[in-house]
1. Cut-off is 10 Å between beta-carbons; in what order do Val410, Val215, Val419 appear when sorted fewest neighbours first?
2. With charges set only on the Cβ (+1 for Lys and Arg, -1 for Asp and Glu), what does the dipole of the range 84-231 come to about its Cα centre, in debye to the nearest 20?
3. Compute for the range 411-496: radius of gyration divided by Kirkwood radius, i.e. Rg/Rh, restricted to C-alpha atoms, rounded to two decimals.
4. Which order do Met247, Met431, Met58, Met1 fall in if you start with the one that has the fewest other Cβ atoms within 10 Å?
5. For Cα pairs less than 8 Å apart in space and 6+ apart in sequence, what is the mean separation divided by the residue count of the range 411-496, i.e. the relative contact order in percent?
6. Please work through the chain and write down the cysteines that have no neighbouring cysteine Cβ at a distance under 4.7 Å.
7. Which whole-angstrom value gives the distance between the alpha carbon centres of the range 186-203 and the range 229-278?
8. Size of the dipole of the range 241-356 about the Cα centre, Lys and Arg at +1 and Asp and Glu at -1 on the beta carbon, nothing else charged, in debye to 20?
Amino acid sequence: MQQRFATIWFRHLVTDQAVIERPELKGAQFVLATPERGRMVVKAASAQAIASDIEIGMVVADAKAIYPTLEVIDHKPGLAEELLNSLAEWCIRYTPIAAVDPPDGLILDITGCAHLWGDERAYLKEIVIKLRSAGYDVSAAIADTIGASWAVSRYGQGKPIIGTGDQLQALLSLSPAALRLEPTILERMQKLGFYQIRNFINMPRSVLRRRFGQVLLDRIDQASGVAIEVIQPVQPAVPYQERLPCMEPIVTATGIQIALQRLLETLCARLAQEGKGLRSGIFKGYRVDGKVEQIDIVTNRGSCHVAHLFRLFELKIQTIEPALGIELFVLEAPVTEDLAAHQETIWNTGDTNNVSLMELLDRLAGRAGMSIIHRYLPDEHHWPERSVKPAASVLEKPQTSWRTDRPRPVYLLAEPEAVIVSAPIPDYPPMLFSYKGKTHYTKKADGPERIEREWWLEEGLHRDYYCLEDQSGARYWVFRLGHYDENKSKWFIHGFFS
């Protein structure tokens with residue numbers, strides 16, 4: 001597929017923003033200025049101020065001499081970059097790859113996106129109208145290369161959409177400045193009478209390199225498509241993403257469900273074809289007012305089962321607030337995993353119980369969060385705290401067997417808790433112990449079982465464990481730290497039996 005790029009030029013970015021924030025400035029002559037070396041310098045000027053010969057970089061005192069009633073507003077450092085980043089994120093509703101082009105532009109990789117709006121003309125018109133309605137004076141163009149679209153958006157006088165392969169022809173009548181050249185190079189070109197790109201584009205490359213340096217040749221190659229130009233998007237593009245623009249804004253839950261169903265069918269078909277399953281999904285709705293509504297899901301195993309994934313999303317659809325309407329829906333699968341060959345048909349045949357369990361876990365996680373689901377596997381350690389480990393997934397298989405030759409509690413505390421114990425003589429179990437303000441009298445006991453520390457991991461005292469049953473029949477796993485000492489022995493509770 002031929003790559004296509006759109007560039008957007010904000011003629012008066014920061015002053016347009018000032019008017020948006022203060023509507024009374026519309027049509028007024030004003031500048032944004034900041035102190036520099038003890039004097040106020042103009043950093044941005046409104047279109048009306050520029051028409052009165054106010055220039056960027058001019059001292060405010062000189063500007064006021066030209067136009068005494070000129071309004072001066074404090075300029076916020078980094079404002080342009082902040083605005084461009086915000087606008088680039090807004091443009092993600094039109095393409096997953098949107099980049100900032102300082103100091104006053106955006107670059108969009110629109111490959112494979114324009115057809116969702118009908119064609120490139122309707123696509124570009126949609127973006128420009130939205131930005132102008134928001135209060136920005138913009139110009140935009142589309143071409144095969146970033147360089148060509150940048151040139152046409154700023155210096156072009158004709159059609160803003162350059163056909164595939166026509167970028168070089170579109171550049172011929174433009175000023176050399178359209179190639180994004182340094183002022184020193186442009187000045188030399190001006191002196192030589194190179195007023196249009198056609199005046200030098202066909203000259204031998206060795207001559208151009210000798211007179212103007214390699215930079216000129218690089219810019220020509222980038223604009224013509226000979227050299228590849230890479231952009232850095234404001235957000236990493238998600239490999240598995242599907243988009244659904246709406247002819248009319250969607251405001252109902254039924255409309256949102258239909259959009260979700262269509263996107264899931266498309267995405268799952270693609271995942272199944274590539275042998276992938278969704279592990280996490282994000283469903284976004286881009287509202288007319290610029291805000292983004294989002295819900296997300298996670299699964300315990302890779303899935304491309306449309307009905308199951310729809311049910312998980314359906315639990316959260318009621319949290320979406322469409323307000324004036326949603327104009328674009330996006331479904332992303334940022335985390336996927338390879339599916340085993342038998343999983344491709346597991347939803348209809350095969351291990352039905354396993355599938356039911358997975359779906360149940362997914363629904364529970366969807367209602368209460370993944371934090372409520374835990375699975376542990378045995379680990380090859382004698383020390384109790386290290387004898388179990390969290391499983392990475394419900395499909396992970398244990399590398400060793402659970403220990404069954406010794407009694408082990410059903411519930412093991414993360415950290416042993418101190419208890420007060422009355423024990424008669426060494427190696428005898430406690431007669432009673434006090435835990436959380438309650439005294440437990442020992443009716444039955446088993447032990448001791450000595451467990452030594454793993455010296456290659458840490459140093460410390462051994463533990464002597466006892467299984468104790470109190471007067472109510474509850475059973476506990478209690479240990480003494482180190483050897484018996486009539487006055488200094490420390491006892492701890494570490495677990496509870498069923």
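No value in this document is a laboratory result; all are computed from the given coordinates. Quick caveat, the model's predicted, so the values are computed rather than measured. We place every Cβ from the backbone using ideal geometry, glycine too, and count neighbours over all the protein chains shown.
1. Listing Val410, Val215, Val419 from fewest to most nearby Cβ atoms yields Val410, Val215, Val419.
2. Values: 16 positive and 15 negative charges, 122 e Å.
With Lys and Arg at +1 and Asp and Glu at -1, about 580 debye.
3. Values: Rg = 12.6 Å, Rh = 13.2 Å.
That ratio equals 0.96.
4. Ranked by crowding around the Cβ, least crowded first: Met1, Met247, Met431, Met58.
5. 28
6. Here Cys91, Cys113, Cys246, Cys467 come out as lacking a disulfide-compatible partner, given the Cβ-Cβ threshold of under 4.7 Å.
7. 47
8. On the way: 11 positive and 15 negative charges, 15 e Å.
Dipole of the range 241-356, to the nearest 20 debye: 80 debye.
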